[in-house]
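Peer 1: Pasting in a structure now, in C-alpha cells, and then I'll have a few things to ask.
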Amino acid sequence: MTDTTLRRYLTQSVLDPNLIFLIEDIASSCRVIANSVRNGAFEGNLGAAGATNVQGEAQKTLDILANDEFERICSNSPRLAALVSEEVEEVTWLKEPEAGDYLLYFDPLDGSSNLDVNLSVGSIFAVMQVEEDGDRNVLRNGRNQICAGYALYGPSTMFVLTVGDKVEGFTCQHGTGDFRLTHPDMMVPAETSEFAINASRYKYWDEPVRRYIDECIAGEDGVRARPFNMRWTASMVAEIHRILTRGGVFLYPADSNNRDAGGKLRLMYEANPMAMIIELAGGAASTGLTPIMDIDPTGPHQRVPVILGSRSEVERLVSYHKT
Ligand code: AHG
Ligand code: MN
Ligand code: MN
Ligand code: MN
C-alpha cells in the first residue's frame, strides 16, 4: 500500500482531471504549510499577526501565511472558480463561474492556538461544484461536497482524503515529500470509550450534553457499562484523526455563552468536511437536532453545534436532545 502515492491514487481513479489538479494543488499547499509550521521559530512566523479575522479571532502570522499559500497554489487550478476561507470575509472569485467549475472551502490552519506551544495543528478543506453557468451561490449544504479532507501537522504530516467513497490516509514521507497511502479505508471503530469536549464550558452546556458527559464520567458506576476516558487537544483536526484511528466522540456544542453565534465551529470549512469524512468512515455527525450535512447554510462563516464520531455515541446524544 505504501507504494501508492497520492498522485498514483488519483490518476488511477475515474476523477475529472481538473479535480485531480485541484486535489494535488491542495496537497502541495499542505506540504508548504507543514514546512512553514515546522520552521516557524526560525522564520519569525510564530505569534500574533496583530489583525482580527471576520470571526473576531486574533489571527496568528501562520493563519495568514497558510491562507496565502492555499490561495497562491490553488489559483493555478484552471477550473477553480472561488475560495471560501476562514481568514477572508468575502468569497474570493477567481473566474466567471461555469457549470462544472470547482468551489474550495478551507480552514487554512486549524487549532492555531496550539502553534506557540508546539502542538498539533492542521488544515481542513472541502470541494463543491458549480451547477450552472453564472451561478455564484456558494451556500449549499454539505451533501453537495464531492471531496473533503484534512492535513494533520503532527509528528508526521498526514493527508486524509475522501472523494465520496472511502476515507484514505496518506503520510508525507520525510525526504521525498511524497504522500503515500499508509491508512487505506479508515473506519471509525463502532465501540468507543473516549470523549472530547472543552470541559471548562460545563456551566454553559444544555441539559442533554451535561447528562451525556456526566454519564461518561460516572462510567460503570452509572448507566454506562464501562469507564470513559477524556482527551482535548484544542485542534479539531487532531481530535478527528484520533477518532478515525481509535474511535471516540467529539463535541463542540452550542452553549449559553455562544448560542447567538450558533456554536464555535464553522459549518462550511470545519463541520461539513469533517462530517463527510466521519459519515463515510461509518460514524455520524449531528448538531444534536439535525445531521450536519443537511443544514442549509445562511452565510460562509456560519457557526454550528458539532457532535461527531462513533455512531452509537452520536445517536445516544441525539436521543437525549429529543427528551
Ligand atoms: P481555528 O484555530 O481554525 O480557529 O479553530 C479552532 C477550533 C477547533 O480546532 C478546536 O476544536 C476549537 O477551536 C478549540 O476551542 P477551545 O479554544 O474552546 O478549546
Ligand atoms: Mn481561527
Ligand atoms: Mn479551525
Ligand atoms: Mn483556522
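The values are calculated or read from the model by the stated rules, or taken from the named source; none is laboratory data. This is a predicted model, so every value here is computed, not measured. Ideal geometry is used to build each Cβ from the backbone, glycine not excepted, and the neighbour counts take in all protein chains shown.
Peer 1: Answer yes or no as to whether ILE33 is closer than 24 Å to TYR105 by Cβ, in contact with a Ser or Thr (Cβ under 9 Å, 6 or more places away or on another chain) and either surrounded by fewer than 18 Cβ atoms within 10 Å (Cβ to Cβ) or among the β-branched types (Val, Ile, Thr) (or both). Give the steps one after another, and end with the answer.
Peer 2: On the way: closer than 24 Å to TYR105 by Cβ: yes; in contact with a Ser or Thr (Cβ under 9 Å, 6 or more places away or on another chain): yes; either surrounded by fewer than 18 Cβ atoms within 10 Å (Cβ to Cβ) or among the β-branched types (Val, Ile, Thr) (or both): yes.
So ILE33 passes the test.
Peer 1: Taking region 139-153 as the region of interest, how many residues are crowded, with 21+ Cβ neighbours inside 10 Å and of a type outside the set (Phe, Trp, Tyr)?
Peer 2: 7
Peer 1: Here is a check on your reading of the model: is SER156 among the hydroxyl-bearing types (Ser, Thr, Tyr), surrounded by fewer than 17 Cβ atoms within 10 Å (Cβ to Cβ) and within 16 Å of ligand 2 (Cβ to nearest atom)?
Peer 2: On the way: among the hydroxyl-bearing types (Ser, Thr, Tyr): yes; surrounded by fewer than 17 Cβ atoms within 10 Å (Cβ to Cβ): yes; within 16 Å of ligand 2 (Cβ to nearest atom): no.
Judged against the criteria, SER156 is not a match.
Peer 1: Quick check on my filter: what residues within region 218-262 are in a helix (DSSP H, G or I), within 18 Å of ALA151 (Cα to Cα) and among the hydrophobic types (A, V, I, L, M, F, W, C)?
Peer 2: Scanning region 218-262 gives MET236, VAL237, ALA238, ILE240, ILE243, LEU244.
Peer 1: Quick one: in region 186-200, of everything that is within 18 Å of the chain's Cα centre (by Cα) and not small (Gly, Ala, Ser), which residue is surrounded by the most Cβ atoms within 10 Å (Cβ to Cβ)? Walk me through how you get there before you give the answer.
Peer 2: To start, the set of residues in region 186-200 that are within 18 Å of the chain's Cα centre (by Cα) comprises 186-188, 195-198.
Filter once more, so that each one left must be not small (Gly, Ala, Ser): 186-188, 195, 197-198.
Details: MET186: 18, MET187: 14, VAL188: 28, PHE195: 24, ILE197: 22, ASN198: 14.
So the residue we want is VAL188.
Peer 1: If you don't mind, another one. Name the residues in region 113-123 that are touching a Gly at 6+ places or on another chain (Cβ under 8 Å) and surrounded by 20 or more Cβ atoms within 10 Å (Cβ to Cβ), would you?
Peer 2: Within region 113-123, the first condition is being touching a Gly at 6+ places or on another chain (Cβ under 8 Å), and the residues that meet it are 115-116, 119-122.
Result: LEU115, SER120, VAL121, GLY122.
Peer 1: Which one of GLU279, GLU215, GLU191 is among the charged types (D, E, K, R), closer than 20 Å to ASN141 by Cα and either at pLDDT below 95 or part of a helix (DSSP H, G or I) (or both)? Explain how you work it out, then say what you get.
Peer 2: Values: GLU215 fails: closer than 20 Å to ASN141 by Cα; GLU191 fails: closer than 20 Å to ASN141 by Cα.
Among GLU279, GLU215, GLU191, only GLU279 is among the charged types (D, E, K, R), closer than 20 Å to ASN141 by Cα and either at pLDDT below 95 or part of a helix (DSSP H, G or I) (or both).
Peer 1: With touching a strand residue (DSSP E or B) at 6+ places or on another chain (Cβ under 6 Å) and more than 21 Å from ILE33 (Cβ to Cβ) as the only criterion, which of VAL130, VAL121, VAL188 stands out?
Peer 2: Working: VAL121 fails: more than 21 Å from ILE33 (Cβ to Cβ); VAL188 fails: touching a strand residue (DSSP E or B) at 6+ places or on another chain (Cβ under 6 Å).
Residue meeting the stated conditions: VAL130.
Peer 1: Which residue, of MET268, MET276, MET236, is surrounded by 19 or more Cβ atoms within 10 Å (Cβ to Cβ), out of contact with any Phe, Trp or Tyr (no Cβ under 9 Å at 6 or more places or on another chain) and closer than 22 Å to GLY111 by Cα?
Peer 2: Working: MET268 fails: out of contact with any Phe, Trp or Tyr (no Cβ under 9 Å at 6 or more places or on another chain); MET236 fails: out of contact with any Phe, Trp or Tyr (no Cβ under 9 Å at 6 or more places or on another chain).
The match here is MET276.
Peer 1: Out of the residues in region 286-323 that are within 14 Å of TYR212 (Cα to Cα) and of a type in the set (Val, Ile, Thr), which is surrounded by the fewest Cβ atoms within 10 Å (Cβ to Cβ)?
Peer 2: Residue satisfying both the conditions and the ranking: THR323.
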